[in-house]
Amino acid sequence: MFRKYCTMYICFTLLFIASFAKTVTLTAANEQVTINVDHVNVRSGAGLTSSIIAKVKKGQTFDVVEKKNDWIKIELSRNETGWVASWLVKEKSSSTSSNSSVSNGNVISNATSLRIRSGPGTSFSVIGVFDKGKTAQYLEKSGRWIKISYSGKSGWVAGWHISKTTNTSAATVNPSTNSKHVKIIYNGTNIRSGASTGHSIVKRANAGETYTLLDTVGNWYKINLENDKIGYIAGWVVETSGINSPVTKPGSGLYVKNKTIVIDPGHGGQDSGAVGTRGTLEKNITLVTAKLVYNKLRSAGANVFLTRTNDTYISLQSRVSTSHYRNADAFISLHYDSTSDRSASGTTTYYYNSLKDSPLAARLNSSIAQQSNLRDRGLKFGNFHVLRENKAAAALVELGFLSNRTEELTINTSNYQERISQGIFNGLALYFK
C-alpha cells in the first residue's frame, strides 16, 4: 500500500473490550482457538497490563485452558500457558461426540486410554484408565464431565470422549426442539443472560457457530450453551433452521437510533486518491459508499453527517473537526486500497487507539468481511491523522483493491456497494448494541 493519509507503522495490539459487568471465569472443556490475525501477543494475565510472554501467528491452533470475560487462556506447550484477546481468535469445539443425552444406563469410551479422575476436571488426580471400546455404568454428570463405575472403581471422565450405549434416557433438551437451531452470522455476536439488551453478556459467539434453539421469547431466542447453560440471542442477528415463524424484526436499527455518526468519504477535489486499473477514482467511489451508508443510518434514526457531500477537497483537520463539532459517537473514514502488487485483494480495518477505537474497528471488520465476500485482511494499527487526532471512537476501512483488475470490477457494481454499506451499518449496530 503506497497511498495513505500519513505514515503508517503496521503492528498489532490486543483488543480491549471494556466491561463493567461482574468478572466471569469459565473452565473450557475440549475447546480450541485459531489465531485470526497475522500476529497476536500472548500475555501472562487476562488484560493489556499483563506482560507479553510470546507471539503467535495467524492460522495457529491452541487448546483452551480457561476463559475470563473477553480473554482466553491457551496452552502454548505442555508446560506453558498464556492469555489472548478473544476478538483476535476464532473459537471452535474439537469434540467429535456429545454426551448431552446421557443421563443413565451405560456409556462407552471413544478415546484410547481415557483417564479416570477423582473429580470433574483436569485439575483432579488420575485414578484409573477407561479403555477404548469398553463399557461403564453411568452414575452422574457435572457440566461436561461424567462420573462412571468401571472395573470396581468410580471416577470422572471427560464427557466429550464417551457416548451412550444402552438403556439411556431421552435427551435433556426437549426432543421437540432438538431439530431447531440458530446459526450465528456475525463475529462477536452477544449472547445474554436474558431476553433483552439490558441483561449481561454471558458469551460472544462467532459466525458459523450453531446452537440448539429451546424457545422463542418475544424477538429473542432461548438457546442451549455448553455445560447445559442457557443463553438468549437477538432473533435478527441469526439464521434459523427447523422453525416455522422465525423472528423477522430488523432490530439492529434500534441500536443506532439517536447515535451521532460521522462518515468520512476519503479524498476529494484535487486529491483523487487511488486510481484503478480501469480508471476508477477512489474519491468518487468512497462518496458513493458514504451516501449509501448515510441513507441506511438516517432511515434507522441516527444523527449522521458526511464530511463532504460532493467532489470537494477537505483537509484532514477539517474532517476531524467535524467529528468534534458534532460530538460524534463514532467516526468512520471510507477508502479503497491500491498497491503495486496487482494480485493483492481484500478488505482491511484500521484503528489507532486500542482502548478507544478497537472495539468499533473489530465489529466493523467482522461485519464488512461477512458482507463483502472478499478476503478478510483483518484488523491493523494505523497511524492516520483522522484516527490519531480524533476524540471519538474512530476507524478507517479499506473496502477492496482498485489496483486489482477483478476486484475493481466488483467494487463498481451496485450489488457490492449495497452489501458493503450494509456491512458498515451492521458493524455500527453491533458496536452500539
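Ranked by accessible surface with a 1.4 Å probe, highest first, in what order do SER149, SER109, SER44 come? Could you put the intermediate results ahead of the total?
Values: SER149 40, SER109 5, SER44 65 Å².
From most accessible down to least: SER44, SER149, SER109.
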**OP:** Using a 1.4 Å probe and counting only protein heavy atoms, arrange SER50, SER414 so the residue with the most accessible area comes first.
**Re:** SER414, SER50
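Which whole number of Å³ per residue matches the convex hull of the alpha-carbon atoms in the stretch 181-239?
Working: hull volume 4.0 nm³, N = 59.
Taking the convex hull of the Cα positions in the stretch 181-239, it is 67 Å³ per residue.
Explain nothing, just the number: dipole magnitude of the stretch 296-345 about its Cα centre with +1 on each Lys and Arg Cβ and -1 on each Asp and Glu Cβ, in debye rounded to the nearest 20. Don't skip to the end; give the middle numbers.
Values: 6 positive and 4 negative charges, 41 e Å.
Result for the stretch 296-345 is approximately 200 debye, rounded to the nearest 20.
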Original post:
By average Cβ neighbour count within 10 Å, what is the ranking of 417-428, 366-377 from highest down?
Top reply: 417-428, 366-377
**OP:** Please work out the Kirkwood hydrodynamic radius for the stretch 282-374, using every pair of different C-alpha atoms, and report it in angstroms with one decimal place.
**Re:** 15.0 Å
Original post:
Which shape class, rounded, prolate or oblate, goes with the stretch 42-82 when its Cα gyration tensor gives a ≥ b ≥ c as root eigenvalues, a/c under 1.5 marks rounded, and past that a/b bigger than b/c marks prolate?
Top reply: rounded
Subject >> Table column - 3J(HN,Hα) (Hz), the stretch 408-418, Karplus curve with 6.51, -1.76, 1.60, x for Gly and Pro >> reply: 4, 4, 4, 4, 7, 7, 5, 5, 5, 4, 5
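Taking a temperature of 20 °C and a viscosity of 1.002 mPa s, what whole-number D in µm²/s does Stokes-Einstein yield for the stretch 348-433 with Rh from Kirkwood over alpha carbon pairs? Can you show the working numbers first?
Working: Rh = 13.2 Å.
In µm²/s, the coefficient rounds to 163.
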Subject >> Pair HIS199, SER142: separation of 7 Å Cα→Cβ label points (nm) >> reply: 2.7 nm
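Can you sort TYR416, TYR186 by solvent-accessible area, 1.4 Å probe, largest first? Kindly include the intermediate steps, with their values, before the conclusion.
Values: TYR416 0, TYR186 30 Å².
Ranking TYR416, TYR186 by accessible area, largest first, yields TYR186, TYR416.
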**OP:** For LYS183, list the lysines whose Cα falls under 20 Å from its own Cα; do not include residues on the same chain fewer than 8 positions away.
**Re:** LYS90, LYS92, LYS203, LYS222, LYS229, LYS249, LYS433
Subject >> Around ASN303: net Lys/Arg minus Asp/Glu count, Cβ-Cβ under 10 Å >> reply: +3
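Rounded, prolate or oblate for the stretch 279-433? Axes are the square roots of the Cα gyration tensor eigenvalues, ordered a ≥ b ≥ c, and the cut-off for rounded is a/c under 1.5.
rounded
The values are calculated or read from the model by the stated rules, or taken from the named source; none is laboratory data. What you see is a predicted model; the values in this text were computed from it and never measured. No Cβ is skipped: glycine too gets one built from the backbone with ideal geometry, and neighbour counts run over all protein chains shown. These area figures cover heavy atoms from the full protein model, side chains too; ligands, DNA and RNA do not enter into them. Shrake-Rupley method; radii C 1.70, N 1.55, O 1.52, S 1.80 Å.
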